[in-house]
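Report on one structure; see the data block that follows.
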Amino acid sequence: MTDGARAATGSGRTPREVGTHCPYCALQCGMTLREEAGRVTVLPRQFPTNRGGLCQKGWTAAELLDHPERLTTPLLRDPVDGELRPAGWAAALDRITTGVRAVQGAHGRDAVAVFGGGGLTNEKAYALGRFARVALRTRHIDYNGRFCMSSAAAAGMRAFGVDRGLPFPLADLGRADTLLLVGANPAETMPPLVRRLTELRERGGRLIVVDPRVTATARQADLHLQPLPGTDLAVANALLHIALTEGWVDRDYVAGRTTGFEAVRRAVAGWWPARAEALSGVPVADLEATARALGTAERVIIVTARGAEQHAKGVDTVTGFVNLALALGLPGRPGSGYGCLTGQGNGQGGREHGQKADQLPGYRSIDDPAARAHVAGVWGVPAEELPGPGVPAYQLLDSLGTPAGPKALLVFGSNPVVSAPRAARIERRLRDLDLLVVADLLLSETAALADVVLPTAQWAEEDGTMTNLEGRVLRRRALRPPPPGVRTDLEILADLTARLRAGGGPVPAGDAGDPRVVFAELRRASAGGIADYAGVSWERIDERDGVFWPCPAEDGPDTPRLFGDRFATPDGRARFHAVEHRPAAEEVCAEYPLHFTTGRVLAQYQSGTQTRRVAALRRAAPGAFVELHPDLADRLGIGDGEPVRVVSRRGELRAPARLSTAIRPDTVFAPFHWGGAARANSVTNDAVDPVSGMPEFKICAVRLERVERP
């Protein structure tokens, strides 16, 4: 029987229950699933991250388990009429194996690529990276987490030597005296977290939000800074400038625990508040009030999220706020620090164990000879046979089907036709492939283009682990097996590995479809790495509501809080880095006079493949919209609800207008959960951060047009 589950009695009348976690965001809220008379319901479960609460997405998650649109058989594209038709597993796997061998035989190993997802379990993320590098022997693997918190990850690595979303437990947010949220809207993206904000304010703490829109979170703030999109770094430098001027910098901390401060001090000397106001639109008085709240409180936390990070200067922007946190002496101080709100369910663990183009399990660099030797030893292959680093997600997607790029792509847990920037271009790239394979539970927009579609298990049908935004490793538990004809991603990867290795010897244990076996190998592969899971076991997770990495030994402690004594750098000191504001990759002009930004709404999630199919969520958020200020609407003659067209240099989207004073008059907003004519990412800019590879989702230049009704 699955751990944590209570099975039915022989009478068949006792319901079966299992304690597991929500399939959506990185809070990974605890929930209980109950199956009775074939019907699955979601019940509350006390867990540290959500304490029994769930958002509407979590409460309705079980509706997808028996959804009529669910895939339950492989689909193959008919070469004659081009239609996708049901097929058996043997035929589907044969088609993939034959196609992969043909492409690699003609174009080399790197002609096949793998694209993963931030919602895959740790076991699946690990197995996918292993499959790419050992079975396919390709360097081309990356994942949609590159579009999530990669800029914060890169900034964390260069400042602290480690990347963990929150280096302290989530509960600290509610205990802070001042909490600064930059580009974060948890009231809509992760509603159970709002309890922490309520706790903070009930204790007399101050909540300050930096966001171009008056979001549901901003409406709860004591102070809301509403900058022009793309100017957050100017705000960060101005806040540090004020802290220096007013004497709020912790000089002893800076001297004893950091390096590089002098260069930063010189860089921010020119960021007087009036200059930042002229650039960002944030009044000097608000900048000064924010700096005072940060510089004079006892417990202070600074948190960034996608609004600050999804820019072509996202790493530098996050670094600006990390510099501020270090100057105030926050990281490693109890109840204080810097953190990032990870977005996807396993955005943290998904990159730690091998989906990222430049990383091996345990957050090891694929360029490090010692790291390669260690992982190769676990995998039972010569280190020299491991491929080198690949390219970041957008560069990989944009190279598909080109003369120098991959000719085949295997996609697990992602829908880049909707989620990638400049999406129409990426859709064309996918159509140019010789072979596209998509493993998913529903026919997403990407799966609809595939040559082979493989039906996969859902979260309630598989065991495994996830790592939430705190670095807490959790247990996902199966309530029931997948429907007949459906396989788990691990089983699919094991089957493909066996076929691709035909005649090449026995399949190693880590290529098995059993998640316990895979996790045991993951622990060995991660041992000694930055993200060390060697001491994490399923049993230990069950006993303790999760285990925080790093955890090197089963009989040793885990690490809920980082940086208490030292940082994960060679000398134990954090690194300041001087960063300068620079304009967005694309600025407004006469032809494209407005700023365009994107984001999420409460009732939908990511590309919407799942949530758009849940009736209650469709009623709550039935379709896309374009949010614009009434003054702008009046100037353009646009009425509320009228169809409009947002046009950029890359494409356009069409959706009804939604008039709101929550948006700046020079900016328009659209959610990115829909495809087709309403696809927001048809418009977004594919300029990327030079360090993280993060595309500039949050700002580009557009014009707005009325669409005449027929």
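Observations on the model:
- Per-peptide packing, taken as the mean over residues of other Cβ atoms within 10 Å, places 81-92, 33-44, 60-71 in the sequence 60-71, 33-44, 81-92 from highest down.
- Between Ala657 and Val626, Gly641, Glu642, Val644, the built amide H atoms are under 5 Å apart, and every one of these is 5 or more places off in sequence or on another chain.
- Summary of the geometry: region 188-206 and region 276-355, compared by the centres of their Cα atoms, lie 17 Å apart.
- Counted over region 373-478, the DSSP beta bridges are approximately 30% antiparallel.
- For q = 0.10 Å⁻¹, Debye-computed log10 I/I(0) when each Cα of region 508-619 counts as one equal scatterer: -0.69
- Sequence-ordered 3J(HN,Hα) estimates for region 248-262 from the Karplus curve with 6.51, -1.76 and 1.60 and θ = phi - 60° stand at 8, 6, 7, 5, 5, 4, 4, 6, x, 10, 9, 9, x, 5, 4 Hz, glycine and proline given as x.
- Legend: Rg and Dmax of region 530-572, from Cα coordinates, 11.4, 36 Å.
- Size descriptors for region 430-535: radius of gyration and Dmax over Cα atoms are 16.2, 45 Å.
- Selection of GluC sites (Glu not before Pro), region 656-708, meeting DSSP coil and at most 16 other Cβ within 10 Å: Glu708
- In region 348-462, Rg over Rh equals 1.01, where Rg is the alpha-carbon radius of gyration and Rh the Kirkwood radius from pairwise Cα distances.
- DSSP-defined beta bridges in the chain - what % are antiparallel, rounded to 5: 50 percent
- Only Lys, Arg, Asp and Glu carry charge here, each on its Cβ (+1 for the first two, -1 for the last two); on that basis region 355-502 has a dipole of about 200 debye about its Cα centre.
- With the alpha-carbon atoms of region 191-342 aligned to their principal axes, the span from lowest to highest coordinate is 40, 35, 28 Å, starting with the largest.
- Considering only region 569-710, percent of DSSP beta bridges that pair antiparallel, nearest 5: 65 percent
- Interatomic Cα distance distribution for region 88-191, bins of 10 angstrom, percent: 11, 28, 30, 15, 12, 4, 0
- A Cβ-based charge dipole, computed about the Cα centre of region 53-182 with Lys and Arg at +1 and Asp and Glu at -1, lands at about 600 debye.
- The chain: relative contact order as a whole-number percent, Cα under 8 Å and 6+ apart: 18 percent
- Relative contact order for region 215-367: 26 percent, from Cα pairs under 8 Å spaced at least 6 residues apart, divided by residue count.
- Close amide H contacts of Ile141 (hydrogens built in the peptide plane, cut-off under 5 Å, sequence separation of 5 or more or a different chain): Val114, Gly390, Val391.
- Region 363-467, accessible surface, carbon-and-sulfur percent (1.4 angstrom probe): 48 percent
- The three principal axes of the C-alpha atoms in region 293-415 carry coordinate ranges of 56, 34, 24 Å, sorted with the longest axis first.
- Annotated for the chain: lysine pairs at least 8 residues apart or interchain, Cα distance under 27 Å, count 8.
- Förster-model FRET efficiency, 56 Å R0, Ala106 and Ala553, C-beta, rounded to 0.05: 0.70
- Normalising by residue count, the chain has a Cα convex hull of 159 Å³ per residue.
- Per residue accessible area in Å² of the chain, where ligands, DNA and RNA are left out and the probe is 1.4 Å: 34 Å²
- Hydrodynamic analysis of region 228-274 uses the Kirkwood radius over alpha carbon pairs. Inserted into Stokes-Einstein at 37 °C and 0.692 mPa s, it gives a translational diffusion coefficient of 288 µm²/s.
- In the chain, a dipole from Cβ-located charges (positive for Lys and Arg, negative for Asp and Glu) runs towards its positive end, and of Gly599, His107, Leu244 it is Gly599 whose Cα lies farthest in that direction.
- Relative contact order for region 543-698, counting Cα pairs under 8 Å that sit 6 or more residues apart, in percent: 22 percent
- Translational diffusion coefficient of region 545-690 (Stokes-Einstein, Kirkwood radius from Cα pairs, 25 °C, 0.890 mPa s): 129 µm²/s.
- Accessible-area composition of region 180-337, carbon plus sulfur, in percent [1.4 Å probe]: 49 percent
- Overall dimensions of region 66-129 as given by Cα atoms, namely Rg and Dmax in Å: 14.9, 42
- Highest to lowest packing among 532-544, 465-477, scored as the average C-beta count within 10 Å: 465-477, 532-544
- Euclidean distance between Cα centres, region 102-156 to region 364-434, Å: 5 Å
- When each of the peptides 679-686, 631-638, 370-377 is scored by how many other beta carbons lie within 10 Å of its residues on average, the order from highest to lowest is 679-686, 370-377, 631-638.
- Taking a quarter of the surface of the Cα convex hull of region 275-352 gives a mean projected area of 6.5 nm².
- Pairwise Cα distances in region 22-170 exceed 21 Å for 67 percent of all pairs.
The values are calculated or read from the model by the stated rules, or taken from the named source; none is laboratory data. All of these numbers come straight from a predicted model, not from anything done at the bench. Cβ: placed from backbone, ideal geometry, glycine included. Neighbour counts: every protein chain shown. To get the accessible areas, we keep the full protein, side chains included, count just its heavy atoms, and leave off ligands, DNA and RNA. Shrake-Rupley method; radii C 1.70, N 1.55, O 1.52, S 1.80 Å.
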